[in-house]
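The values are calculated or read from the model by the stated rules, or taken from the named source; none is laboratory data. Model, not experiment: these values are computed from the prediction. So basically every Cβ, Gly included, is an ideal-geometry build from the backbone, and we count neighbours across all protein chains shown. All accessible areas refer to the heavy atoms of the entire protein, side chains included, with ligands and DNA or RNA removed. Shrake-Rupley method; radii C 1.70, N 1.55, O 1.52, S 1.80 Å.
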Amino acid sequence: MAALEDLFASGHRACAGCGCSLFLKTLLNVTGPNVIITEATGCMEVISTPYPESAWKVPWIHSLFENAAPVAAGIEAALKATGRKNDTKVIAIGGDGATIDIGFGNLSGVMERGHDILYICYDNEAYMNTGIQRSGSTPYDASTTTTPAGKVSFGNQSQKKNAPAIMAAHGIPYVATTSMGYPADFAKKVRKALSIEGPKYIQVHATCTPGWGIDSALSIEILRLAVETAMYPLYEYENGEVTSVKKIKGRKPVREYLEKQKRFSHLFKMPNGDKEIEKIQQIADLNAKHFGLDVVEKAKPKEAKAE
Amino acid sequence: MAKMAVIEGSHAIAEAAKVCRPAVVSAYPITPQTHIVEDISQMIADGELMNCEYVRTESEFSAASVILGAAAAGTRVFSATSSQGAVLMYEVLFSMAGMRLPGVLAMANRSVSSPLSIWNDHQDAISARDNGWIQLWAEDNQEAADMIVQAFKIGEDRRILLPVMVNLDGFLITHTYEPVEILDQNMVDEFLPPYEPLYKLDPKDPVTMGALAQPEYYTEARYMIHYAQLCAKDVIEEVAEEFGKKFGRYKGGLIDTYKMEGAEVVLISMGSVIGTMKDAVDEMRAEGIPVGIVKIRSYRPFPVEALREALKGAKVVCVLDKNISMGMEGAVFTDLKAALYNVKGSPDILGFIIGLGGRDITITDIKNLTNKGFAKMRGEKVSEMEWYKLDVDILPEGI
């Protein structure tokens, strides 16, 4: 990888420790130059293209907040109509607000119609560009500026929308979740998605250091904790069926993930905060059960014999 | 030899779009635009529209986004919509013009909710007037078809690079059968060369489109759109004349005039009502009444100079607006007053809100409001702005 030219150039305006800009840089290392990117309004658009500067060394377009998917569909249609499709990959990118909230309807349309595009949602779990407001992808009990923790509230009271399952329900060939805590997993899934013709959806967990209230040096560690606690399960769907999951050996309690982030810090101070943390643990337990994440120890029968 | 056919306005539009060889068509069905997209679907199904991707979206917002993306990829694009669909497109329409991406949208003009009405007026397009699109207005089926071809040429001109909306009255044009000369493919190919974009999304030559503009750049970017609109005044005239020479039909450039010789009262409007106005004026002229018509073909850019010139001898102008800017007046009325405000000896101007939500406009109506123009000329008291034939009997008491 070191020999490659960075197609997402340095010098952009992302924060130190930003998981989302790491996502863009890694993405282009995987795709190479034969790609056209459409991007929704959001942090990654704003930090990368303040006119007259651009961090993009591949063709890139931004139109609006909620239309990265249909703009990509239009590009794909144009390439097909003019015989320029070749191996050019069309990739649409949006944050969780653009993808899971405001652009969800038209994303569904693009997926259902079978356009040969890859949609990647960088999921930092709130509207970070506008100042950390709650989105449909914000986890339970996270404090945001529109779901602040207060004397009578623990923060966001709804659960994270299960967007990957809804995408998989379209019967599209490939859906995956991944995390910038595991760049190799991300690269592998992007590579796999791009080898498949038709609509693909990848949701990548990525930190927002001010939005989550974390030490910028801990970005990767915290993303890994999300996976290790089953707060952010990593899996693949192919043609509507789960075909692989990232197993967890010795799953950690969610407390270890929550306590490192300011957005959950109220849970450790408020009366009954423990009960809320228990509820979050149950969400993680359900994830683990649903996807069969826990590695079951195999040594036990042998021990029994020895007795 | 040109082929004539008695066809719906919608079919004429679809035929015109076809011979312009769009690479991508995207649309969502809405009354009264549906026949256009159905006809194009049939052309695709019959293999008549080759090398064209037709994307049937889940909303007008997406249809507009699809053609925006396809235009950015450097191809010729077409869509059609109406009313609520157009309103749902508004955000994308601003974006497409701002990004200087040409393309043509046929707008089957219809009223806007609420109350729900599927019938014709001009509110959908008028409320989209500030988004940077060029707006052309057709009087009949033939002009609508011809305008589609002209619209591509205008929008793709390197001096312009803007999308163009071709307005045709819902039902009155879309669903009405008239004799139309079918555009010949070879002649259109000669008139409208393949689209050569200035920039396109291409991995061989990467560009960034749709960057963020700080206050240092935003004003200038917006000024350039305005400047292109001003340049379009010449280009619209040029293209109309070139079309006239090639196809033998010239229906005016920015405006057209009818029986303006010695006209003291002049009627101004846009769209299919011009046909009714012509019938009324014919009858009034036969009685020796000096009345003429100015038809606006280009609403944006607004033909300020052309209107000043055409209205030089007029005493009173009556503007028929099939739209209303709530809390003010009809949009064409406002614009015309603005255009003539600093002109010495300019005529008195009367505004009429008429034909909203599909209410018929008859020859008698045209004559009645022309009479108001002459009353004004004689110095009688006439209200400057009137909701024509407002039925006070069905209004609540006290209004």
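State whether one or more residues within region B:99-109 are part of a helix (DSSP H, G or I) and within 9 Å of chain A (Cβ to nearest Cβ).
Going through region B:99-109, the residues part of a helix (DSSP H, G or I) turn out to be none.
Looking for residues that are part of a helix (DSSP H, G or I) and within 9 Å of chain A (Cβ to nearest Cβ), one finds none in region B:99-109, hence no.
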Filtering region B:3-22 for residues that are in contact with a Phe, Trp or Tyr (Cβ under 8 Å, 6 or more places away or on another chain) and part of a loop (DSSP other than H, G, I, E, B) leaves a count of 2
Of all helices (runs of 4 or more DSSP H) fully inside region A:10-84, the set with 1 or more residues that are at the interface with chain B (Cβ under 9 Å from one of its Cβ atoms), over 23 Å from A:THR209 (Cβ atoms) and not hydroxyl-bearing (Ser, Thr, Tyr) is A:68-81
Considering region A:96-129, residues that are within 14 Å of chain B (Cβ to nearest Cβ) and not in a helix (DSSP H, G or I), and then whichever is nearest to A:GLY240 (Cα to Cα), we arrive at A:GLY114
Picked from region B:64-80 (must be of a type in the set (A, V, I, L, M, F, W, C) and more than 7 Å from chain A (Cβ to nearest Cβ)), the residue surrounded by the fewest Cβ atoms within 10 Å (Cβ to Cβ) is B:ALA71
Result of the Cβ filter at 9 Å on region A:236-259, keeping first residues that are of a type in the set (Phe, Trp, Tyr) and partners that are open to solvent by less than 60 Å² (accessible area, probe 1.4 Å) and in a strand (DSSP E or B), at least 6 apart or interchain, is A:TYR237/A:TYR174; A:TYR237/A:VAL175; A:TYR237/A:ALA176; A:TYR237/A:TYR201
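Okay, residues lined up against (1) modelled with pLDDT under 95; (2) more than 19 Å from the chain's Cα centre (by Cα); (3) open to solvent by 10 Å² or more (accessible area, probe 1.4 Å):
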{"position": "A:ALA92", "(1), (2), (3)": "no, no, no"}
{"position": "A:ASP116", "(1), (2), (3)": "no, yes, yes"}
{"position": "A:CYS121", "(1), (2), (3)": "no, no, no"}
{"position": "A:GLY131", "(1), (2), (3)": "no, no, yes"}
{"position": "A:VAL152", "(1), (2), (3)": "no, yes, yes"}
{"position": "A:GLN157", "(1), (2), (3)": "no, yes, yes"}
Those residues of region B:298-321 that are open to solvent by 10 Å² or more (accessible area, probe 1.4 Å), closer than 25 Å to B:ALA151 by Cα and in a loop (DSSP other than H, G, I, E, B) come to a total of 1
Over region B:210-235, the set of residues outside any helix (DSSP H, G or I) and either out of contact with any helix residue (DSSP H, G or I) (no Cβ under 6 Å at 6 or more places or on another chain) or more than 7 Å from chain A (Cβ to nearest Cβ) (or both) is B:GLY210, B:ALA211, B:GLN214
query = Do we have B:THR81 as under 19 Å from the mean Cα position of the chain (by Cα) and modelled with pLDDT of 95 or more here?
reply = yes
From the option list B:ASP234, B:ASP189, B:ASP184, single residue qualifying as over 28 Å from B:PHE302 (Cβ atoms), out of contact with any strand residue (DSSP E or B) (no Cβ under 8 Å at 6 or more places or on another chain) and at pLDDT 95 or above is B:ASP189
Exactly one of A:ASP285, A:ASP215, A:ASP294 is of a type outside the set (Ser, Thr, Tyr), modelled with pLDDT of 95 or more, surrounded by fewer than 18 Cβ atoms within 10 Å (Cβ to Cβ) and under 19 Å from A:GLU125 (Cα atoms), and that residue is A:ASP215
The residue from A:TYR174, A:TYR119 that alone is among the aromatic types (Phe, Trp, Tyr), in contact with a Pro (Cβ under 8 Å, 6 or more places away or on another chain) and under 13 Å from A:GLN203 (Cβ atoms) is A:TYR119
_When you scan region B:65-76, do you find a residue that is of a type outside the set (A, V, I, L, M, F, W, C), under 22 Å from B:GLU15 (Cβ atoms), touching a strand residue (DSSP E or B) at 6+ places or on another chain (Cβ under 8 Å) and assigned to a strand (DSSP E or B), even just one?_
no
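Here are B:VAL92, B:VAL55: which of them is over 18 Å from the mean Cα position of the chain (by Cα), facing another protein chain (nearest Cβ under 7 Å), buried (at least 24 other Cβ atoms within 10 Å of the Cβ) and outside any helix (DSSP H, G or I)? Can you show your working first?
Numbers: B:VAL92 fails: outside any helix (DSSP H, G or I).
Just a single option satisfies the conditions, and that option is B:VAL55.
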Would you check if B:TYR341 is at pLDDT 95 or above, open to solvent by less than 10 Å² (accessible area, probe 1.4 Å) and farther than 18 Å from B:GLY262 by Cβ?
no
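If you check B:ILE44, B:ILE118, which single one turns out to be open to solvent by 30 Å² or more (accessible area, probe 1.4 Å), outside any loop (DSSP other than H, G, I, E, B) and away from every other protein chain (no Cβ under 11 Å)?
Working: B:ILE118 fails: outside any loop (DSSP other than H, G, I, E, B).
It is B:ILE44.
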(message) Checking the structure you have, find out if any residue of region A:98-114 is at pLDDT 95 or above, open to solvent by less than 10 Å² (accessible area, probe 1.4 Å) and under 24 Å from A:ASP6 (Cβ atoms).
(response) no
The one condition B:ASP39 fails out of (1) in a helix (DSSP H, G or I); (2) surrounded by 19 or more Cβ atoms within 10 Å (Cβ to Cβ); (3) within 14 Å of chain A (Cβ to nearest Cβ) is (3)
Condition test on B:PHE61, is it more than 7 Å from chain A (Cβ to nearest Cβ), over 18 Å from B:PHE152 (Cβ atoms) and touching a residue at least 12 places away in the same chain (Cβ under 8 Å)? no
Apart from one, (1) within 12 Å of chain A (Cβ to nearest Cβ); (2) open to solvent by 10 Å² or more (accessible area, probe 1.4 Å); (3) in contact (Cβ under 8 Å) with a residue 24 or more places away in the chain; (4) not β-branched (Val, Ile, Thr) all hold for B:HIS11; the odd one out is (1)
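Please tell me if A:SER54 is among the small types (Gly, Ala, Ser) and open to solvent by 10 Å² or more (accessible area, probe 1.4 Å).
Numbers: among the small types (Gly, Ala, Ser): yes; open to solvent by 10 Å² or more (accessible area, probe 1.4 Å): yes.
Spelling it out, A:SER54 is indeed among the small types (Gly, Ala, Ser) and open to solvent by 10 Å² or more (accessible area, probe 1.4 Å).
In the list B:ALA86, B:ALA73, B:ALA63, which residue meets the criterion of being under 20 Å from B:TRP137 (Cβ atoms) and modelled with pLDDT of 95 or more? Steps first, answer last, please.
Details: B:ALA73 fails: under 20 Å from B:TRP137 (Cβ atoms); B:ALA63 fails: under 20 Å from B:TRP137 (Cβ atoms).
Checking each option against the conditions leaves just B:ALA86.
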Counting only residues in region A:191-209 that are within 23 Å of A:ALA14 (Cα to Cα) and in contact with a Lys or Arg (Cβ under 9 Å, 6 or more places away or on another chain), the one surrounded by the most Cβ atoms within 10 Å (Cβ to Cβ) is identified as A:VAL204
Given (1) open to solvent by less than 10 Å² (accessible area, probe 1.4 Å); (2) in contact (Cβ under 8 Å) with a residue 12 or more places away in the chain; (3) in contact with a strand residue (DSSP E or B) (Cβ under 9 Å, 6 or more places away or on another chain), B:SER111 misses just (3)
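Let's see how each residue does on (1) in a loop (DSSP other than H, G, I, E, B); (2) open to solvent by 10 Å² or more (accessible area, probe 1.4 Å); (3) in contact with a helix residue (DSSP H, G or I) (Cβ under 9 Å, 6 or more places away or on another chain); (4) closer than 30 Å to B:GLU190 by Cα:
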| position | (1), (2), (3), (4) |
| --- | --- |
| B:ASP256 | no, yes, yes, yes |
| B:LEU267 | no, no, yes, no |
| B:GLY275 | no, yes, no, no |
| B:GLU283 | no, yes, yes, no |
